[in-house]
Amino acid sequence: MTPSRAVVANQCEQSNRTRGSLPGPEAKIDRLHEIRSMLRNAGLRPTRQRLALGAILFAKGDQHMSAEMLHVEAIKGKISISLATVYNTLHQFTKVGLLREVAVDGTKTYFDTNVSPHHHFFVEGGNELIDIPDAAVRVGTPTLPEGYQLACIEVVIRLRRKTR
Ligand SMILES: [Zn+2]
């Protein structure tokens, strides 16, 4: 690790303190309890809707979901909720550091349950983000404008399938 890398390494880190590791699928009964305390620790009241969406988001390990994808999952799980409420909840979760927002372009935003520093591949025309470990991307840092400090470096590498 080069010295400049070390400076960048933790810049994107959000409040990991609120994030507990959740039990595996076998611990079904404990899961809602875990999510409830995760929300409480983050300063959010564990409402029925937040718990329901939290269960979808955080129960399966790290994933990237758009509001639309989460809404579809909620409907499949017989949770009656509007897309607007899904959006609001995702933004509330992001604000307290439970999720990280990854904007791919003007129209596509994903919410990442992995809030630790890392980067992404995005397949053009697809609907999926693939994680890249933080250490695998090296970005030179240009001289910053005076009066500013580096907040975060997030890289999205766009891919397209090879045409023969
Ligand atoms: Zn990710």
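Worth pointing out:
- Inter-residue pairs, beta-carbon under 7 Å, first farther than 19 Å from A103 by Cβ and of a type in the set (A, V, I, L, M, F, W, C) and in the stretch 137-164, second surrounded by fewer than 10 Cβ atoms within 10 Å (Cβ to Cβ) and modelled with pLDDT of 85 or more, 6+ apart: none
- Within the stretch 102-121, the set of residues being part of a strand (DSSP E or B) and surrounded by fewer than 14 Cβ atoms within 10 Å (Cβ to Cβ) comprises A103 only.
- Odd one out for D112, checked against (1) near the ligand (Cβ under 10 Å from one of its atoms); (2) over 10 Å from the mean Cα position of the chain (by Cα): (2)
- Looking only at the stretch 134-144, and only at residues there that are more than 11 Å from the ligand (Cβ to nearest atom) and not in a loop (DSSP other than H, G, I, E, B), the one that is surrounded by the most Cβ atoms within 10 Å (Cβ to Cβ): A135
- Within the stretch 68-100, considering residues that are within 16 Å of the ligand (Cβ to nearest atom) and either surrounded by fewer than 16 Cβ atoms within 10 Å (Cβ to Cβ) or part of a helix (DSSP H, G or I) (or both), the one nearest to the chain's Cα centre (by Cα): T94
- Residue within the stretch 122-133 that is loosely packed, with under 12 Cβ neighbours inside 10 Å and over 21 Å from M69 (Cα atoms) present: yes
- Close pairs (7 angstrom Cβ cut-off, 6 or more residues apart or separate chains): within 18 Å of I35 (Cα to Cα) and modelled with pLDDT of 95 or more in the stretch 60-85, more than 16 Å from the ligand (Cβ to nearest atom) and in a loop (DSSP other than H, G, I, E, B) anywhere: A74/I81
- For beta carbons closer than 7 Å, sequence separation of 6+ or different chains, a first residue in the stretch 113-131 that is closer than 23 Å to T89 by Cα and of a type in the set (S, T, Y) and a second that is assigned to a loop (DSSP other than H, G, I, E, B) and near the ligand (Cβ under 8 Å from one of its atoms), the qualifying pairs are T113/D62.
The values are calculated or read from the model by the stated rules, or taken from the named source; none is laboratory data. Just so we're clear, the structure is a prediction, and the values are computed from it rather than from any experiment. As a convention, Cβ positions derive from the backbone with ideal geometry for all residues, glycine included, and neighbour counts pool all protein chains shown.
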